[in-house]
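Step one of this worksheet: look at the structure below.
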Amino acid sequence: MKTTHKYHDVSHPFQNFNFHSSVKIFPPLASVAVFLIGALIVAGWVFNIPALKTIFPNAFPMSALSGVFFLLSGLSLGFFYVPWSPLRERVGRALGFVIFLGALTKICEYWLDWKLESDRLLTGKMENVMAPNTAVNFVMTGMALMLLKTDRWKIQNLFSVIFTAVAAVLSFLAIFGHFQHFAPFFLLGFPIPMSEITAVTFLILSLGSI
C-alpha cells in the first residue's frame with residue numbers, strides 16, 4: 001500500500017517582497033515628507049508656534065528660509081516621479097535652480113558681506129538665520145535636483161549623485177554632532193548651527209534623490 005504525503009504550501013514571509021519596487025517608492029515618499037516638514041516649519045514661523053519651528057523638543061529651530069527651501073525641494077523631487085512627464089521634470093529642474101540660486105545668494109551674504117538679509121523675506125524679522133553649512137547643503141541639493149535623472153543608467157546622473165552625497169555627509173555629521181554633543185560637527189567653524197530637524201530633513205531628501 002502506497003502512502004502519500006501531503007505537503008502544505010507554506011510561503012516564505014519574504015517570498016513576495018519586491019526590493020526594486022520598494023526602492024522605487026521611496027523618492028515619492030521622501031518628497032512628501034520633506035514638503036510637509038518644510039510646510040510645518042513655515043507655518044511655525046508665520047503663526048509663531050515654537051513647537052513647529054523645531055519639530056523635536058529642546059532642539060535648535062530651523063530657519064524660516066530653510067523651511068521654504070525644503071518645501072520647494074519636496075515639490076521639485078516629487079515632480080520627477082508622481083506622475084512623471086517632461087513638463088513636470090522641467091518644473092522640477094526649475095525649482096532646483098531657484099533653490100540653488102537662493103542658497104548661493106545666502107552664501108554670498110556670508111562670504112562677500114552682502115546686506116540682503118534674505119531671512120527677512122518670510123517674517124520680516126531676522127529672528128533666526130540660515131546656517132552657512134545649511135546654505136552649502138542647499139546649493140548641493142539645488143544642483144542635484146537640476147541634474148537629477150529618473151533613469152539611473154544615464155551618465156549625467158553621476159553629478160547629481162555626487163552633489164547629493166556631499167549634502168548627505170554634511171547632514172550625517174550634523175546629526176552625529178548633535179547626538180554626541182560635539183559642536184564642531186554641526187557648526188563646522190561657524191557660529192550658527194545646522195539644527196537637528198534641518199539635518200534630518202536633508203538626510204531624507206538625500207536618500208530620496210540618490
- Task: With a cut-off of at most 15 other beta carbons within 10 Å, and DSSP calling the residue loop, which GluC sites (Glu not before Pro) in the range 62-121 qualify? Please list them.
- Result: E117
- Task: Based on other C-beta atoms within 10 Å, arrange W45, W114 from fewest to most.
- Result: W114, W45
- Whose amide H sits under 5 Å from the amide H of S63, counting only residues 5 or more places off or on another chain, with H placed in the peptide plane? none
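Any read-out appearing in this document is the output of simple, stated calculations on the displayed coordinates, not a laboratory observation. Predicted model only: the values in this text are computed from it and were never measured. Note that we place each Cβ from the backbone using ideal geometry, even for glycine, and neighbour counts take in every protein chain shown.
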